[in-house]
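Report on the structure given below.
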Amino acid sequence: MNTRTLRRLGALALLVASVSVASAAPVIIVNKALEKEKLDAATVKAVFLGKKTAWDSGGRVILAVLKSGPVADDFLKASVDLTSSGFNNQWRRLAMTGGGTAPKSFESEEELRKFVAATPGAVGFVDSANADASVAVLTPAG
Amino acid sequence: MKIPSYRKHARGLGFATLIVCSLLAAKSRASVAIENTDVQIGGFFSQGYLYSDNNNFPTKDVGGTWNFREAGFNVSDTIGAHLRVGAQIFEQSFGNIGEDKVILDWAIADYNFASWFGIRAGRVKYPKGLYGEALDLDVVRPFVFLPGAVYNPILRDFIASFDGAMVYGSVNALKGSFDYKIFGGNLPAIGPAKGVAEFYNNAGFYAGNVGSISTKSVEGAQLTWNTPLNGLKFVTSYSFFTSLASDGPFYAYPVVDLTSNFDRFSYTTFSAEYTVGNWVFASEWQRQGGFITYQAPPILPTVGGTSRWDGWYVSAARRLNDKFEVGAYYGSLYDDFASGPGPQGYQRDSALSVRYDFNEHILFKVEAHDIDGTYELFNTARIPNPNPKGNNLLLAVKTTLSF
């Protein structure tokens with residue numbers, strides 16, 4: 001294998017790595033007691049915008065969100081069609097006018113996942129690579 | 001130069017704000033909330049500076065004033081799956097209005113049966129237009145002042161909240177959703193110190209100032225259509241006061257009282273907002289007014305007429321990056337029964353704003369207004385304008401700490 005081929009393979013590996021990073025997919029994680037909850041896209045939106053505050057199986061919805069970063073940006077864009085800034089404003093507006101209880105926010109996915117695992121009723125999002133067996137992953141229907 | 005004592009006080013508060021801001025900036029990522037409990041604490045503190053070149057507008061600010069600050073502090077708790085309780089206190093100094101008196105802004109018990117039906121009771125924020133419930137939330141917009149054509153800052157304490165109950169909910173339909181709010185109750189006590197009193201004082205019917213203002217009830221509804229096009233929503237709001245009455249010594253003969261009464265004073269507001277990427281576009285139109293009667297027996301028999309004014313604006317805001325957001329709007333407010341085409345019948349406001357987020361807790365804003373017309377430019381003891389000019393430049397600088 002000559003040097004030119006090695007360079008090409010290296011470039012290809014970098015390309016694959018960069019594509020895999022760019023396409024990292026956020027997933028919804030919930031406390032394991034909620035693994036039988038049924039979600040569709042509209043319900044996810046209602047949950048993360050504070051319109052749905054209790055689970056169908058009973059118990060309060062406790063939101064956990066990442067403060068910032070590409071995972072938060074991707075998830076919020078896909079699920080509630082808001083930027084992180086717009087999402088924060090939505091919740092500031094609710095919390096400061098008596099309209100809702102603000103989400104718990106976390107600096108890292110690990111902290112968020114541990115909180116969801118330990119908190120009945122908790123729901124949040126992490127990159128799929130960071131969802132382990134301590135939490136349940138819910139895939140919205142439709 | 002001798003500084004009046006209230007200015008020293010205001011500047012002291014300003015410096016205190018800067019110190020607090022600096023301390024928080026040093027640990028800007030620290031959470032102020034109480035962790036691991038259901039109790040949430042939040043709040044904000046703003047200090048600003050207003051400069052107006054010709055007229056005292058919207059408050060007493062010709063030559064500049066530091067009397068431009070507000071603060072709120074709230075606590076809320078969730079009990080079980082459906083019940084939430086909370087309250088916020090608020091204080092404001094806005095020129096000669098507010099005077100840093102602490103008031104109860106909202107205090108609610110909210111039971112959410114399902115996403116389509118909930119009940120909120122107590123002192124509840126007043127739903128009107130896109131931003132009626134968020135009048136004081138500096139942190140959610142780039143603007144220092146919401147467009148005055150629809151959100152007159154002088155009326156802040158008149159339409160901020162009501163005592164009563166509201167049912168609300170959200171229903172998915174037509175590939176989007178509809179949010180509704182239906183409410184009833186009455187306004188908290190309205191004293192002559194409130195900003196709304198300037199409307200009565202400015203009319204010139206009273207010797208000195210209006211003595212009392214009251215309402216019998218407030219009722220209303222709001223419907224929001226979150227359309228299938230992501231980020232686009234339309235809102236319609238209607239509310240009215242019954243028996244909006246005032247009382248005070250009649251200017252022509254002060255030993256008798258003049259009373260005024262709107263059987264029904266209504267607000268009708270149509271709004272649209274489109275959020276796309278980092279842009280937010282908004283526009284609202286609002287009509288307000290009603291049929292008012294005056295009487296001062298036995299001097300003045302009952303006389304009446306319609307008092308009504310319309311306002312609209314278009315605005316655009318864009319977040320440029322984590323630090324900067326810019327915004328602009330044009331608004332027009334006009335008297336439907338103006339006596340002539342002169343500047344006393346309209347107010348046209350062009351505004352440009354820049355917001356800088358120092359960190360997630362502290363922001364700064366600078367805003368400039370070019371205002372044509374003198375409609376709703378008061379000439380009262382608290383907001384004197386004995387010789388109003390047709391054009392006015394208003395500059396506002398503001399910093400807000402929130403947590």
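A compact table of results
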read-out	value
Cα-Cα P(r), the protein assembly as shown, percent of pairs per 10 Å interval	3, 16, 26, 25, 15, 8, 4, 1, 0, 0, 0, 0
Mean shadow area of the range B:116-233, taken as a quarter of the surface of its Cα convex hull (nm²)	9.1
Label-to-label distance, nm, for residues given as B:A338 and B:N387 (7 Å Cα→Cβ offset)	2.4
Added length on full extension, which subtracts the Cα-Cα distance from 0.36 nm per residue, B:I89 to B:F358	94.3 nm
Residues of the range B:213-234 with amide N under 13 Å of a point placed 7 Å along Cα→Cβ from B:A173	B:223-226
Ranking of B:D179, A:D56, B:D61 by count of other Cβ atoms within 10 Å, fewest first	A:D56, B:D179, B:D61
Extension gain from B:D263 to B:T302, taking 0.36 nm per residue of separation minus the Cα-Cα distance	12.7 nm
Inter-label distance, nm, simple model (7 Å from Cα along the C-beta direction), B:V366/B:R318	1.9
Estimated 222 nm signal from helices in the protein assembly as shown, with DSSP H stretches of n ≥ 4 weighted -39500 (n - 2.57), rounded to 500	-5500 deg cm²/dmol
Cα-projected label distance for B:N202 with B:N278, points at 7 Å along beta-carbon direction, nm	3.8
Cα-based convex hull, the range A:24-138, per residue volume (Å³, whole number)	89
Unsatisfied cross-links (Cα-Cα over 31 Å) in the set A:K38/B:K323; B:K233/B:K389; A:K104/B:K60; A:K51/B:K323; A:K36/B:K125; B:K216/B:K365	A:K38/B:K323; B:K233/B:K389; A:K104/B:K60; A:K36/B:K125; B:K216/B:K365
Rg(Cα)/(2.2 N^0.38 Å) for the range B:79-157, N = residue count	1.29
Footprinting exposure proxy for B:V354, B:V255 (fewest neighbouring C-beta atoms within 10 Å first)	B:V255, B:V354
For the range B:5-402, the fraction of alpha-carbon pairs in successive 10 Å shells from zero, as %	5, 20, 32, 28, 12, 3, 0
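Quick note: the coordinates plus some simple rules give every number you see, no bench work behind them. From a predicted model like this one, the values you see are computed outputs, not experimental measurements. No Cβ is skipped: glycine too gets one built from the backbone with ideal geometry, and neighbour counts run over all protein chains shown.
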